[in-house]
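A.B. asks: Below is a structure I'd like to ask you about.
None of the figures in this text is laboratory data; all of them are computed from the coordinates on show. Owing to the predicted nature of the structure, the values given are computational and were not obtained by experimental measurement. Every residue, glycine as well, gets a Cβ built from its backbone with ideal geometry; the counts of neighbours run over all protein chains shown.
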Amino acid sequence: MDASASKVDQRAEWLAAARKVMETEAQAILTASLRLDRNLIAAVDLILAHSGKLIVTGLGKSGYVARGIAATLQSTGTPAVFLHPTEAAHGDLGVCQPGDSVLMISKSGSTAELLDLIPALRESMGQFRPSCIGILGNPSSPLAREMDVVLDASVQREADPEGFTPTASSAVAMAVGHALAIALMQARGFTAEHFSRLHAGGQLGRNLRLRVGDAMHRGDEVAWVAPEDSLKHVVIAMSQRPLGAACVVSPDGTLTGLITDGDVRRALQAHDDIRTLRACDVMTPRPSTLSEEVLLHEALAFMEDRPSQISVVPVVDAEHRCLGLLRLHDIYQGRK
């Protein structure tokens, strides 16, 4: 076998190994989901019963998972903060206050730094003994015995060929943490409106906050044509206002149809002589439309979650009068 063929075989092995990792992790998460039981409900009740924040802690790879879970909790309505278990003994324990609860992440369930942290947490809070929840890879471990609630994050094996790299175990711990966060989100009645307030600067928050009317094109920005206008007139109007489409409207402003760049190309391909073509001959009648009151995240789903995506859509009022156009680009980029 020559060197190039050998290299191809190696790359095929890499791809197969990568796919195997994802399959193993997916199966591990599915198995863990089937183990979720009343302990998850108990964890939710315990956290809700505390007036303070949730202290999330872990060490090593579990520490990175803990940081991610804390971030998800924060963004979904549960006040949370990550506490490094080693730094806690050097002053960071001051972040803990009466009324807080604790979430510990550990694969082995025997992490010495976490075991040492428990009495320090209890001492720092005095009579307000913190309740402890564990997302643990070993539900029969020393750490499990110290927890008020244990969420089982054990895995049959890791996803790497040798079975020692914390891959599947990290994925399962993160997934269990996300399950807890979303259950808390449901319990708190946390809505898209609440989410948008916490994500005012991001694309997702913007899409949950703004409506179609805030991002659409109106008036002279839009190519407006009548059903009887020639195709040449349509092309000129679309060239002057390059939004990717022209709105075909009746004299009272009612939307009759939509002509996109694709419609123009198809008309050119289908006709040797286009001089007699009118807007009504090439338009899409009864196109999909949106109301200007629709949230941008709903508009995004409307335009993308379909067999054939829509890149531009007319916006109409209750009487089906056309108000303008919204492009997919406008949702992602923002105009106001």
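A.B. asks: Would you mind ranking 259, 331, 310, 182 by Cβ crowding within 10 Å, fewest neighbours first?
C.D. replies: Exposure proxy ranking, most exposed first: 182, 310, 331, 259.
A.B. asks: In deg cm²/dmol, rounded to 500, what helix-only [θ] at 222 nm does the chain give when every DSSP H run of at least 4 residues adds -39500 (n - 2.57) and the total is split over its residues? Don't skip to the answer; put the middle values down first.
C.D. replies: On the way: 14 runs with 156 residues, N = 336.
The helix contribution divided over the chain gives -14000 deg cm²/dmol.
A.B. asks: Rounded to the nearest 5, what % of DSSP beta bridges with both residues in region 212-333 are antiparallel?
C.D. replies: 80
A.B. asks: Can you give the direction-averaged projected area of the convex hull of the alpha-carbon atoms in region 32-103, in nm²?
C.D. replies: Average of the hull's projected areas for region 32-103 equals 5.3 nm².
A.B. asks: Specify whether the C-alpha gyration tensor of region 212-333 places it in the rounded, prolate or oblate class, a ≥ b ≥ c being the square roots of the eigenvalues: rounded for a/c under 1.5, otherwise prolate if a/b is larger than b/c and oblate if not.
C.D. replies: Verdict is prolate for region 212-333.
A.B. asks: How many Lys pairs in region 3-190 lie less than 27 angstrom apart by Cα atoms, where the lysines are 8 or more positions apart or on different chains?
C.D. replies: Lysine pairs, 8 or more places apart or on different chains, close enough: 6.
A.B. asks: Just round it to a whole percent: the fraction of Cα-Cα distances in region 3-190 exceeding 28 Å.
C.D. replies: Numbers: 4726 of 17578 pairs.
Distances greater than 28 Å cover 27 percent of the Cα pairs.
A.B. asks: Exposure proxy check: 56, 249 ranked by fewest other beta carbons within 10 Å?
C.D. replies: Ascending Cβ contact count within 10 Å gives the list 249, 56.
A.B. asks: Also, I was wondering about something else. Among 93, 54, 15, whose mean-square fluctuation peaks in a Gaussian network model of the chain (Cα, cutoff 10 Å)?
C.D. replies: In the Gaussian network model the winner is 15.
A.B. asks: Please label the shape of region 59-133 as rounded, prolate or oblate, based on the square roots a ≥ b ≥ c of the eigenvalues of the alpha-carbon gyration tensor (a/c under 1.5 means rounded; beyond that, a/b larger than b/c means prolate, else oblate).
C.D. replies: Judged from the Cα gyration tensor, region 59-133 comes out oblate (a/c at least 1.5, b/c at or above a/b).
A.B. asks: Additional query: Modelled label-to-label distance, residue 228 and residue 110, 7 Å Cα→beta-carbon offset: nm?
C.D. replies: Each label point lies 7 Å from its Cα, and together they span 8.9 nm.
A.B. asks: Which order, highest average first, do 289-301, 59-71, 22-34 follow once you tally other Cβ atoms within 10 Å for each residue and take the mean per peptide?
C.D. replies: So the order, starting with the most tightly packed, is 59-71, 289-301, 22-34.
A.B. asks: Rounded if a/c is under 1.5, else prolate if a/b beats b/c, else oblate: with a ≥ b ≥ c from the C-alpha gyration tensor eigenvalues square-rooted, which is region 254-322?
C.D. replies: Oblate is the answer for region 254-322, as a/c is 1.5 or above yet b/c matches or exceeds a/b.
A.B. asks: Taking the alpha-carbon centroid of each part, what is the distance from region 294-336 to region 48-74 in angstrom?
C.D. replies: Each part's Cα centre sits 37 Å from the other's.
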